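The values are calculated or read from the model by the stated rules, or taken from the named source; none is laboratory data. Since the model is a prediction, treat every value here as computed from it, not as a measurement. Cβ: placed from backbone, ideal geometry, glycine included. Neighbour counts: every protein chain shown.
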Amino acid sequence: MCVRVALAGVGNCASALVQGLYYYRSASKSATPATVRQRFAGYDLADIEVVAAFDVDPQKVGIDLSEAIFAPANCAAVVHRPPKSGVVVARGPLLDGLTPRIRKRLGVSNDEISDTVYAVLTDSRADVLVILLPSGAQAATHRYVEAALAAGIGIVNAIPVNIANNHEIAMRATEAKVPIIGDDIKSQIGATIVHKAIAELFPLRSALLKRTIQLDWAGDSDFENLVSEQRYELGKRASKTHPIIWNQPNRDEIEKYASLRSTTSGSCGTKRRLLSASRALCSGTCQFGSNLVFRFLMHSTRRV
Ligand SMILES: NC(=O)c1ccc[n+]([C@@H]2O[C@H](COP(=O)([O-])OP(=O)(O)OC[C@H]3O[C@@H](n4cnc5c(N)ncnc54)[C@H](O)[C@@H]3O)[C@@H](O)[C@H]2O)c1
């Protein structure tokens with residue numbers, strides 16, 4: 001039996017997901033990291049089939065998923081080219097999916113609103129919808145969730161919009177016997193987990209973390225999208241701050257200083273962003289030699 005998956009958003013995460021699905025299907029055991037399971041709950045990786053996909057970018061809509069995952073502005077590393085899938089990316093409802101700036105750059109007009117989500121989900125007989133829309137796309141996410149609830153299919157919400165944590169939606173999903181997993185995901189070795197690992201070094205070395213900063217250079221269009229202060233607040237603010245400071249003894253004090261400063265953005269690879277607050281202070285330099293930080297990071301990213 002297959003798990004039939006629909007993707008909302010064919011961006012960089014979708015690209016990594018689709019590449020990984022095909023790559024690890026045929027990879028030998030020794031090439032498969034411990035975090036990737038070839039079999040889970042009786043299902044094999046080969047049982048996962050992507051049967052539908054939505055996007056709004058004219059460079060992705062209307063083409064086969066196997067090509068759309070490599071269309072610009074996607075810049076995820078290319079590790080595996082999957083075979084032609086036969087799944088043509090459908091145009092989704094735009095709503096607040098893209099900032100005006102990105103919309104202009106991609107040539108997406110406001111008029112290009114369509115709502116065939118329910119029809120595509122039911123026609124493709126999808127079992128689960130994986131939401132990979134840009135951060136801060138609240139209205140668009142809710143539109144996809146409504147369609148999935150109406151179609152009676154499961155939802156994996158991989159983005160920082162409250163869906164599984166929304167009481168009303170959770171109640172309706174329970175009633176409809178629709179499982180929801182979420183909200184948001186964390187990259188295996190991304191900025192958040194590295195930041196969290198460094199922050200955790202402070203209490204372990206009896207030092208006090210007073211302020212901390214995450215400065216992201218480069219990144220994908222989701223980072224460009226987060227340069228908008230409002231989208232950052234709606235999207236990543238909580239998931240970029242709380243996991244990092246939650247077990248610091250003075251987390252309320254650190255939180256007080258958390259603020260947003262954004263700088264420039266441009267095409268893929270030139271964006272920078274100052275995500276949260278200020279600078280890190282510690283009580284003694286020898287407590288934090290580079291050797292120690294490096295060893296700790298190696299250890300923590302395995303553990304957390
Ligand atoms: N990259 C990571 O490591 C990471 C980690 C945790 C969470 N996330 C979350 O995953 C989400 C996706 O990240 P990404 O890096 O793939 O972003 P991305 O910008 O590369 O991809 C988003 C895709 O969604 C499309 N889109 C925009 N509005 C749409 C709509 N209304 N309907 C259908 N498609 C629409 C865009 O055209 C784009 O192709 C973000 O919300 C991000 O917060 C990413």
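Those helices (runs of 4 or more DSSP H) of segment 92-183 in which at least 2 residues are in contact (Cβ under 8 Å) with a residue 24 or more places away in the chain, touching an Asp or Glu at 6+ places or on another chain (Cβ under 9 Å) and not charged (D, E, K, R), considering only elements entirely within it, cover 100-106, 117-123, 138-151.
For segment 33-47, filtering for residues that are farther than 23 Å from M1 by Cα and either among the hydroxyl-bearing types (S, T, Y) or in contact (Cβ under 8 Å) with a residue 40 or more places away in the chain (or both) leaves 1. Is it the case that some residue within segment 169-190 is over 21 Å from the mean Cα position of the chain (by Cα), among the polar types (S, T, N, Q) and either at negative phi or within 11 Å of the ligand (Cβ to nearest atom) (or both)? Among the residues of segment 169-190, at least one is over 21 Å from the mean Cα position of the chain (by Cα), among the polar types (S, T, N, Q) and either at negative phi or within 11 Å of the ligand (Cβ to nearest atom) (or both), which makes the answer yes. Contact map, segment 5-32: first residue touching a residue at least 40 places away in the same chain (Cβ under 8 Å), second residue near the ligand (Cβ under 9 Å from one of its atoms) and of a type in the set (K, R), Cβ cut-off under 7 Å, separation 6 or more or different chains; pairs are V10/K60. Of all residues in segment 213-225, those satisfying the criterion of being at pLDDT 75 or above and either polar (S, T, N, Q) or within 13 Å of the ligand (Cβ to nearest atom) (or both) are Q214, D220, S221, D222, F223, E224, N225. The requirement of being touching a strand residue (DSSP E or B) at 6+ places or on another chain (Cβ under 8 Å), more than 9 Å from the ligand (Cβ to nearest atom) and either closer than 27 Å to R143 by Cβ or polar (S, T, N, Q) (or both) is fulfilled somewhere in segment 28-39, by at least one residue. With the condition kept exactly as written, say whether any residue in segment 96-113 is of a type outside the set (D, E, K, R), within 11 Å of the ligand (Cβ to nearest atom) and under 20 Å from E49 (Cα atoms). There is no residue in segment 96-113 that is of a type outside the set (D, E, K, R), within 11 Å of the ligand (Cβ to nearest atom) and under 20 Å from E49 (Cα atoms). Can A77 be described as small (G, A, S), away from the ligand (no atom under 14 Å from the Cβ) and in a loop (DSSP other than H, G, I, E, B)? So A77 does not fit the description; no.
Looking only at segment 117-135, residues that are farther than 19 Å from I48 by Cβ and within 8 Å of the ligand (Cβ to nearest atom) come to 3 in all. Take P72 and decide whether it is more than 12 Å from the ligand (Cβ to nearest atom) and not in a helix (DSSP H, G or I). Here the answer is no, as P72 does not meet what is asked. Regarding segment 3-17, can at least one residue be identified that is outside any helix (DSSP H, G or I), in contact with a strand residue (DSSP E or B) (Cβ under 6 Å, 6 or more places away or on another chain), farther than 19 Å from I185 by Cα and modelled with pLDDT of 90 or more? Looking through segment 3-17, at least one residue is outside any helix (DSSP H, G or I), in contact with a strand residue (DSSP E or B) (Cβ under 6 Å, 6 or more places away or on another chain), farther than 19 Å from I185 by Cα and modelled with pLDDT of 90 or more.
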